[in-house]
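What follows is a single structure, and I will ask about it in a moment.
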Amino acid sequence: MDQSIFLFDILLPVLLEGFIVTIKLIVLTAPFGLILGILLAVGRVYGPKPISLLCKGVVAFIKGTPLLLMLFILYFGLPSIGITLSAFVASVVGFIMCNGAYSSEYIRGAISSIKEGQIIAAQALGMTKMQAVRNIILPQALIRAIPGLSNEFIYLIKYSSLAYMLTVIELTGAGKMVATKYFEFTTVFLMIGIGYLILVTITTIAVMFIERKVAVPGMTQSGRHMLDIL
Amino acid sequence: MENTDTILRVENIHKSFGDLEVLKGVSFDVKKGETICFIGPSGTGKSTLLRCINLLTQPDQGSVWLGGEEVTNSGKQINHFRQRIGMVFQNFFLFDHLTAVRNVEIALIKVKGMKPKEAREKALEELRQVGMEDWAEHYPAELSGGQAQRVSIARALAMDPDVILFDEPTSALDPELTREVLEVMKKLALAGMTMIVVTHEMGFACSVANRIMFMEYGEIIEQGSPQELMSDAKFERCKNFIGQFDGVNGD
Amino acid sequence: MGFLTIIIEWFPYLIQGIFATLGLVASALFLGVVLGLPMAVGQVYGKRLVRFLIAIYVWFFRGLPILVLLFLFYFGIFPGLGMDVSAFFVGATVLGLRGAAYQSQIFRGAIQSVSEGQMIAARSVGMTKLQSIRNVILPQAVRVALPGWSNEYPNILTDSSICYAIGVMELMTRTSQIVSQTYVTMPIYLVCAGIFILLNYGGMRALHMIEMKIKIPGFGTGAA
C-alpha cells in the first residue's frame, strides 16, 4: 500500500480522534488533580494529627501502587463492591488520584520552604490560621511548586496512555488498532510518539512562559532554560 | 646566554581576557633552588601569570621553558610538564572524595604509574614533611584550612617537581592558620626547593625570597633582592606598597 | 472467607512474579548507569554534535509514554530488525533505555555541581582530561547523584508493571491472570498493591543503607 495514503487517509484521522480523547483525559484530570494535591498537602502540614496521618497514608499508598494497578482496581475491582465506573471515568479518577498524590509532595515541600514569619505576620493582622494558609501561604507555595507541578503535568500527558489498558480509545489505543489491522507497527508507534512529543514540548515551553509571568522578584528561582526542552 | 642554573625561563607572556589585557609581556628567569615572590596589588595578573606557566591558562603570546625544553606549544606533552611543575592553589582544591593520603598518592599511581604500595609510602613520607601524617586517613571536609593547604603542598611535592607554583597559598586562611603553612614553605625553601610564590605576606617575602618581583598592571615594575627593595631609593613604588602592610602582617 | 484460601493457593504463583519485576528494575537501573553515565559525561564535556545527539535521545525517551515505547520496540523495532526476543528482554531494554535518559540528567547535574577547582587541580598534577574525569570528577559526581538516583527506583518499580501490556510475566500480569482465573478481584489486587508497596519501601531502605555505607565526610546525602 502507498505509504502516503496510509499515513494521511487512514492513520492520521484515527490518531486525531484518539488525540482528542487524550486531551479530554488530561483536561478533566489536571484541575482536580491540583485541588486534591492542595488538600492533601494542607491536610498533612496543618491538619490535626489524625488528618495529617491519613493524608500521609493516602499519598504513600497511591505512590507505592503502580498506576496501572490502581486503574484495574477502579475499573475491574470496584464493581465487586457495587461501584461501577465507565472505563473513561475510572481512568480520570485514577489519574486524579495519582496526579494529586504526587503534586501534594511538591506543594508540601513548597509550603514548608516558606518562612514561619509569614503565617505569624498574617495572624498578627487578625487572620485565622486557615485564612493565613489560604491567602498568604498557598499563593506563595503554589508559585514555588510550579516546576514540580509542571513535571507532574507532563507525566500526566504520558501516563494518560494507560487509559488504553482499560479500553479507552485514546491516542495510543487508536494507533494500536490501526497498527494491528495494517501490520504497520514502527510507523504507527513513531507517529503516536510524535503526538506525545508535541504535547510535552508545547507544555514545556508554556511552563517557561508561565514561570516568567508569575515570577515575583526575589522569590522564584527558575532553573528552566530554552535548552532544557531538548 | 643560556645559564645552566636556570631551571625555568618565562619570555614575554601576554594574556588578555576579552578587552582586558592582564599580562603585558612578562619575562623572568628562575634559577634552581631560588624562591621568587611576586607581590603587588590585587588584579595585576599575578595569578594569571602562574597559570600561564603550566598552561592551565593558555597565554596569547610568549613562551615558557623548563630546563631547556619548551612548555608552551608542547601539545599533549603538557601533562608531562605539569608533573614537573607543582601547583598549590589559594583554595587548596583538594580532591574532596579522597582522604589526605589518597590525595597525595593518586597522581603517583594514575599519572606516574607507580605501584600502590610504593605510592602509599611516598605519600606518607610527603605528609610527614608537612607535618600531616597523623591526618592521613581524614577527608578534606575534616581538615582545617591550614591542614588542607599543607596536604595540598604534599600533593605537589610528591611528584618531585622541578619547581612549585604557589598561588596565594595563605589568602584563604585565618591569620593563625597562615603561620603553619608559611613555616612549611619556609622549610621547603631552605631545603632547596625552587619556588615561585604569589603572596601578600610581606614578612614571608622579605625573609624567605631570594628575589621579589613587584607587579602592577600586568607588568613587572621593579625587582630585586629583599634588601635592595627595602634599602635602595629607586624602588619607591614597591616600598610604598609594602609600607601599607607594615604593622598588619609584619613578621 | 473463600478468597483467603484462593489467595493462599495462588500466592506462590504471584510471588514468582517478584523475580521478573525485580529483574526488570535491576536491568533498568543497570542500563541506566552504564548508558546514562557516559551520556552525562558526553553532555558536559563532549563536542557540540555529541551534546546535540544525546539531547535528542533524552528528549525522545523522556517524551514518549512507556506504553508507546514498549509497543514500538515489541511490535516494531525488534521484529523489524529480524530479532526474535522475549517480552522480558524487550521490557528490560525499554525500561533501561528510558532509565538512561532520566538518569543521565541526574548525573549531568551532579557532574556540573563538582567545583571547577577539582578539574584544575587534577590537570595541574599532570592528569589528562579523561583521567581527571575518571579519577576526580566522576567519583565525586556519583556520590552527589546517589540520592537522586535512588529516587529513580520507586518510579522504575511502578513503571515496570506496564510491561503487562506486552505480556511479561511480572507481578501485574500474574495478578490479572489470577483475577481472570478466580473471579476474585479486590483482594487479589490489594495483595498485589501490598507487594509493590513492600518492594518500594524495602528497596528504598536498602538503597539508603548503601548510601550511608559509602558516605564520606563532605558529601551529604539528601535522601529521606
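Evaluate the protein assembly as shown: find the radius of gyration of its Cα atoms, find its Kirkwood radius, and give the ratio Rg to Rh.
1.09
Explain nothing, just the number: relative contact order of the stretch A:91-230, from Cα pairs under 8 Å at least 6 residues apart, as a whole percent.
22 percent
Oh, and also: From the residues C:His208, C:Ser104, C:Ile7, which one has its Cα farthest along the dipole of the stretch C:2-213 in the positive direction, the dipole being from +1 and -1 charges on Cβ of Lys/Arg and Asp/Glu about the Cα centre?
Positive-end residue among those listed: C:Ser104.
When a/c reaches 1.5 or more, the comparison of a/b and b/c decides; with that in mind, is chain C rounded, prolate or oblate per its Cα gyration tensor?
Oblate.
Along Cα→Cβ, 7 Å out, is where each label goes; now give me the distance between the ones at A:Asp2 and B:Ala172 in nm to one decimal.
7.0 nm
Relative to the longest principal Cα axis of chain B, at what angle does helix B:100-110 sit, 0 to 90 degrees, rounded to 10?
Here the helix axis deviates by roughly 90 degrees.
Fewest to most neighbouring Cβ within 10 Å: what's the order for C:Met204, B:Met159?
Working: C:Met204 18, B:Met159 24.
The fewest-first ordering by Cβ neighbours comes to C:Met204, B:Met159.
Across the stretch A:3-229, how many lysine pairs, 8 or more apart or on two chains, come within less than 30 Å at their alpha-carbon atoms?
For the stretch A:3-229, the number of qualifying lysine pairs is 22.
What does the structure give for B:105-113 when I average, per residue, the other chain Cβ atoms found within 10 Å of the residue Cβ?
Details: counts 0, 6, 9, 1, 1, 10, 7, 2, 0.
The shielding value for this peptide is 4.
Taking the Cα centre of the protein assembly as shown as the origin and placing charges on Cβ (Lys, Arg +1; Asp, Glu -1), which of A:Cys55, A:Met165, C:Ile54 is farthest toward the positive end of the dipole?
Result: A:Met165.
A further question follows. Neighbour counts of other C-beta atoms within 10 Å: give me C:Tyr153, A:Tyr196 arranged from fewest to most.
Working: C:Tyr153 18, A:Tyr196 22.
Final ranking by Cβ density, sparse to dense: C:Tyr153, A:Tyr196.
Something else about it: Once amide H atoms are built 1.01 Å from N in the peptide plane, which residues 5 or more positions from B:Met87, or in another chain, come under 5 Å H to H?
Residues meeting the criterion, in which the H sits 1.01 Å from N, are B:Leu165.
Rounded, prolate or oblate: which fits chain B when a ≥ b ≥ c are the square roots of the eigenvalues of the alpha-carbon gyration tensor, with rounded for a/c under 1.5 and prolate only if a/b beats b/c?
Oblate is the answer for chain B, as a/c is 1.5 or above yet b/c matches or exceeds a/b.
Report the per residue volume, in Å³, of the convex hull enclosing the C-alpha atoms of the stretch A:3-229. Write out the running numbers ahead of the final one.
Details: hull volume 32.7 nm³, N = 227.
Measuring per residue, one finds 144 Å³ for the Cα hull of the stretch A:3-229.
Let me ask you something else. Explain nothing, just compute: Karplus ³J(HN,Hα) = 6.51 cos²θ - 1.76 cosθ + 1.60, θ = phi - 60°, for every residue of the stretch A:71-76 in order, whole Hz, x for Gly and Pro.
Per-residue couplings from phi come out as 5, 4, 4, 5, 8, 9 Hz.
Something else: Return the long-range amide H neighbours of B:Lys31 (sequence gap of 5 or more, or a different chain), with a cut-off of under 5 Å between placed amide H atoms.
Here B:Ile7 satisfy the definition.
Fewest to most neighbouring Cβ within 10 Å: what's the order for A:Tyr164, C:Tyr57? Intermediate results must be reported in sequence, preceding the final value.
Values: A:Tyr164 27, C:Tyr57 18.
Sorted ascending by nearby Cβ count, the order is C:Tyr57, A:Tyr164.
Enter the mean number of other protein chain beta carbons within 10 Å of the beta carbon of each residue in C:66-79, as an integer. Please list the in-between numbers first.
Working: counts 4, 14, 14, 3, 1, 12, 8, 3, 2, 9, 8, 4, 1, 2.
Partner Cβ neighbours, averaged per residue: 6.
To the nearest 20 debye, what charge dipole does the stretch B:6-245 have about its Cα centre, counting +1 at the Cβ of each Lys and Arg and -1 at the Cβ of each Asp and Glu? Please report the intermediate quantities before stating the final value.
On the way: 27 positive and 33 negative charges, 121 e Å.
Once rounded to the nearest 20, the dipole reads 580 debye.
Using a 10 Å cut-off on Cβ atoms, rank the peptides B:83-92, C:176-185 from the highest mean neighbour count down. Intermediate values should be presented prior to the final figure.
Values: B:83-92: 23.4, C:176-185: 17.1.
Listed from highest to lowest mean packing, they are B:83-92, C:176-185.
Report, ordered by chain and residue number, the lysines lying within cross-link reach of B:Lys76, taken as a straight Cα distance under 28 Å and ignoring same-chain residues fewer than 8 apart.
B:Lys15, B:Lys24, B:Lys31, B:Lys32, B:Lys46, B:Lys110, B:Lys112, B:Lys115, B:Lys122, C:Lys47, C:Lys129
Based on the mean of other Cβ atoms within 10 Å per residue, sort peptides B:97-106, A:125-134 so the most packed one is first.
Values: B:97-106: 24.4, A:125-134: 13.3.
Going from most to least packed, we get B:97-106, A:125-134.
For q = 0.24 Å⁻¹, what log10 I(q)/I(0) does the stretch A:1-74 give under the Debye formula with an equal point scatterer on each alpha carbon and no solvent?
So the normalised log intensities work out to -1.08.
Which of A:Ile83, A:Gly100, A:Val27 sits farthest toward the positive end of the charge dipole of the stretch A:3-229, with +1 on the Cβ of Lys and Arg and -1 on the Cβ of Asp and Glu?
Checked the options; the winner is A:Gly100.
Compute the Kirkwood hydrodynamic radius of the stretch B:33-87, taking the inverse of the mean of 1/r over all pairs of distinct Cα atoms, and give it in Å to one decimal. Show your work: numbers first, answer last.
Details: mean 1/r = 0.0816 Å⁻¹.
Taking every pair of different Cα atoms in the stretch B:33-87, averaging 1/r and inverting gives 12.3 Å.
So what's the back-of-envelope 222 nm ellipticity for the protein assembly as shown, counting only DSSP H runs of four-plus at -39500 (n - 2.57) apiece and dividing by all residues, rounded to 500?
Values: 28 runs with 421 residues, N = 705.
After summing the helix terms and dividing by the residues of the protein assembly as shown, the value is -19500 deg cm²/dmol.
Now, a different point. Nearest 20 debye, what's the magnitude of the dipole of the stretch A:37-176 about its Cα centre given +1 on Lys and Arg Cβ and -1 on Asp and Glu Cβ?
Values: 11 positive and 4 negative charges, 66 e Å.
So the magnitude is around 320 debye.
Would you kindly derive the ³J(HN,Hα) couplings of the stretch B:166-180 from the backbone phi angles with the Karplus curve 6.51 cos²θ - 1.76 cosθ + 1.60 (θ = phi - 60°), listing them in order in whole Hz, with x for Gly and Pro?
After applying 6.51 cos²θ - 1.76 cosθ + 1.60, I find 10, 9, 6, x, 10, 5, 8, 9, 5, x, 6, 8, 4, 4, 5 Hz.
Once amide H atoms are built 1.01 Å from N in the peptide plane, which residues 5 or more positions from B:Val197, or in another chain, come under 5 Å H to H?
Those qualifying (amide H under 5 Å, at least 5 residues apart or on another chain) are B:Ile36, B:Cys37, B:Phe38, B:Phe166.
Contact order normalised by length for the stretch B:6-245, with contacts defined as Cα pairs under 8 Å and 6 or more residues apart; what percent is it? List each step's numbers first, then the result.
Values: 448 pairs, mean separation 63.7, N = 240.
Taking the mean separation of contacting Cα pairs over the length of the stretch B:6-245, I get 27 percent.
For the stretch C:2-213, what is the relative contact order in percent, using Cα pairs closer than 8 Å and at least 6 residues apart in sequence?
Values: 223 pairs, mean separation 66.0, N = 212.
Computed value for the stretch C:2-213: 31 percent relative contact order.
Using Cα positions and a limit of under 13 Å, work out the aspartates and glutamates in reach of B:Lys117, with same-chain residues fewer than 8 apart set aside.
B:Glu105, B:Glu125
What average count of beta carbons from other chains do you get within 10 Å of the Cβ of residues in C:136-143? Provide the component values of the computation, followed by the final result.
Details: counts 8, 2, 1, 4, 4, 1, 1, 2.
Going residue by residue through C:136-143 and averaging, the value is 3.
Can you give the net charge of the other residues whose Cβ lies under 13 Å from the Cβ of A:Leu15, counting K and R as +1 and D and E as -1? Don't skip to the end; give the middle numbers.
Details: positive: A:Lys176; negative: A:Asp9, A:Glu17, A:Glu170, A:Glu184.
Surrounding charge for A:Leu15 is -3.
Can you compute 3J(HN,Hα) from phi for each residue in the stretch C:111-119, using the Karplus curve 6.51 cos²θ - 1.76 cosθ + 1.60 with θ = phi - 60°, rounded to whole Hz and x for Gly and Pro?
3J(HN,Hα) across the stretch C:111-119, in whole Hz: 4, 5, 7, 6, 5, 4, x, 4, 5.
Every read-out reported here was derived from the displayed coordinates using simple, explicitly stated rules and does not represent laboratory data. Please read all numbers here as calculations on a predicted model, not as lab measurements. Virtual Cβ from ideal backbone geometry, glycine too; neighbours counted across all protein chains shown.
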